[in-house]
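In what follows, a single structure is set out as structure tokens and then discussed.
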Amino acid sequence: MYHFTLPDYKGKSIVNLMSSIADSFGKKHKYVELSYLRPGELKKFKNIVLIVIDGLGHNYLKKQKDSFLLDNLKSSMTSTFLSTTACANTVFSVGYPPQQHALTGWDMNLKEIGAITTIMPFVPLFGGESLSKSKFEMDKIMDISSFHDGFKGKCFTLIDKELSDTPFTKYVSGDTEVISTSSFNDALTKLEKLIKRKSGKKRFIHVYLPELDSLAHKEGIGSKEVNEIFWELDKKIKDLSESIKGTGTRLMITADHGFTDASEETEIWIEDIKGLKECLTIPLAGESRVRDCFVRPGKAKDFEEIVKTELSGYCWCYKGEQLIRDNLYGLGKPNKKLADRVGDYILIMKKNYILRNKLANYEKADKFHKGKHGGVSDDEMIVPLIIADC
């Protein structure tokens with residue numbers, strides 16, 4: 001039925017990794033543990049460190065011969081659907097996929113706000129100030145507890161200072177200790193000091209490094225700029241592993257998603273497809289690689305016909321309720337907010353195509369951003385699990 005890479009929530013995804021971690025801290029998780037981590041394997045370590053290098057796909061890593069990270073590659077895992085920061089990176093903070101946390105993409109249709117919202121910075125799609133200044137609170141948008149709640153141990157989150165004080169980070173961090181960082185060098189330096197600080201309790205330390213993702217968006221995953229920052233990260237993490245030898249630490253390095261490079265030739269605008277925009281009740285939500293389409297009931301047949309005749313070479317089309325039912329967003333009972341946020345129809349882009357639309361305030365960007373993710377290619381969906389015991 002599906003001719004692309006699906007998330008494997010039954011033992012081979014980042015969600016299952018979080019189940020393994022939860023188990024080692026005495027917390028019950030609703031998903032099975034990662035099949036590559038034996039039960040109890042993590043319990044012998046004093047420090048469990050999860051370093052998330054945003055955007056580091058498994059296929060990209062496999063090309064980085066003789067790197068420390070590749071030499072310590074344990075296995076691969078799948079991301080979530082969608083393979084994007086809002087859906088997948090949230091897993092590292094709450095432990096569960098979109099089926100439970102109900103974040104469906106970078107840009108989400110939120111009935112609670114009455115607008116499409118860019119969720120992680122918590123601003124309207126059209127831009128402006130944080131919605132918290134208009135008295136919208138994150139606990140009205142999310143209703144899932146922090147991953148760290150109930151841990152038998154001490155929890156820390158090291159995250160970029162621009163993100164550390166956002167409503168989203170405050171909500172998902174729970175009672176973990178948040179440490180602001182200014183760069184990946186600063187983050188890994190602070191991590192080293194934290195590990196070497198004596199503690200009577202077992203510690204879980206979550207470190208988020210956004211720089212590779214930021215550069216990949218701007219320059220493309222195949223760019224020399226991304227290559228350079230990868231090797232800087234690789235050396236810094238290798239140096240860290242050597243510095244903390246004997247501390248009883250397990251370093252686990254992974255990512256929320258990988259990347260594919262697009263071009264202006266693979267960019268499709270709905271304004272260029274006759275009749276398509278008129279079928280929609282609101283602008284596109286989700287990601288440029290997977291689009292939530294909210295369709296006028298009386299235009300559903302027109303929408304299906306336009307997609308079939310004009311877009312079938314560029315995307316697959318599914319009803320949103322089908323993707324929920326078929327467990328692309330996760331297993332178990334869906335969050336009650338999920339159905340409202342998933343489009344009536346979902347357009348999943350093929351190859352490296354992207355789909356966009358123009359708001360009334362649209363202005364052409366000075367530079368096309370090559371790097372894209374959120375889609376269902378192996379490059380985007382498969383992430384590494386790197387392990388170094390120190």
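The values are calculated or read from the model by the stated rules, or taken from the named source; none is laboratory data. Keep in mind the model is a prediction, meaning the values are calculated, not measured. Using ideal geometry, Cβ is built from the backbone for each residue, glycine included, and neighbour counts are taken over all protein chains shown.
What the table below lists for this structure:
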{"read-out": "Yes/no for HIS217 being under 27 Å from LYS111 (Cβ atoms) and touching a His at 6+ places or on another chain (Cβ under 6 Å)", "value": "no"}
{"read-out": "In region 110-131, the residues that are touching a helix residue (DSSP H, G or I) at 6+ places or on another chain (Cβ under 6 Å) and farther than 26 Å from ILE205 by Cα", "value": "LYS111, GLU112"}
{"read-out": "Residue check for GLY57: at positive phi and either crowded, with 23+ Cβ neighbours inside 10 Å or in the same structural domain as GLY222 (by TED's automatic domain parsing) (or both)", "value": "no"}
{"read-out": "Complete set of residues in region 296-324 that are among the basic types (Lys, Arg) and over 20 Å from MET108 (Cα atoms)", "value": "LYS299, LYS301, LYS308"}
{"read-out": "Failed criterion for LEU209 (all others in (1) over 22 Å from the mean Cα position of the chain (by Cα); (2) touching a residue at least 24 places away in the same chain (Cβ under 8 Å) hold)", "value": "(1)"}
{"read-out": "Pair list, Cβ < 8 Å and 6+ apart or interchain, from region 61-88 residues that are surrounded by fewer than 19 Cβ atoms within 10 Å (Cβ to Cβ) to residues that are in a loop (DSSP other than H, G, I, E, B)", "value": "LEU70/GLN64; LYS74/TYR36; SER75/TYR36"}
{"read-out": "Residue, nearest to the chain's Cα centre (by Cα), within region 89-128, restricted to residues that are hydroxyl-bearing (Ser, Thr, Tyr) and crowded, with 22+ Cβ neighbours inside 10 Å", "value": "THR90"}
{"read-out": "Options LYS299, LYS319: the member that is more than 26 Å from PHE259 (Cα to Cα) and out of contact with any Leu (no Cβ under 7 Å at 6 or more places or on another chain)", "value": "LYS299"}
{"read-out": "Enumerated strands (runs of 3 or more DSSP E) restricted to region 304-390, each holding at least 3 residues that are touching a residue at least 24 places away in the same chain (Cβ under 8 Å) and within 18 Å of the chain's Cα centre (by Cα)", "value": "382-389"}
{"read-out": "Among (1) touching a Gly at 6+ places or on another chain (Cβ under 9 Å); (2) at pLDDT below 95; (3) aromatic (Phe, Trp, Tyr), the one test that TYR171 misses", "value": "(1)"}
{"read-out": "Residue in region 161-191 that is surrounded by the fewest Cβ atoms within 10 Å (Cβ to Cβ), counting only those that are closer than 13 Å to PRO210 by Cα and in contact with a strand residue (DSSP E or B) (Cβ under 6 Å, 6 or more places away or on another chain)", "value": "LYS161"}
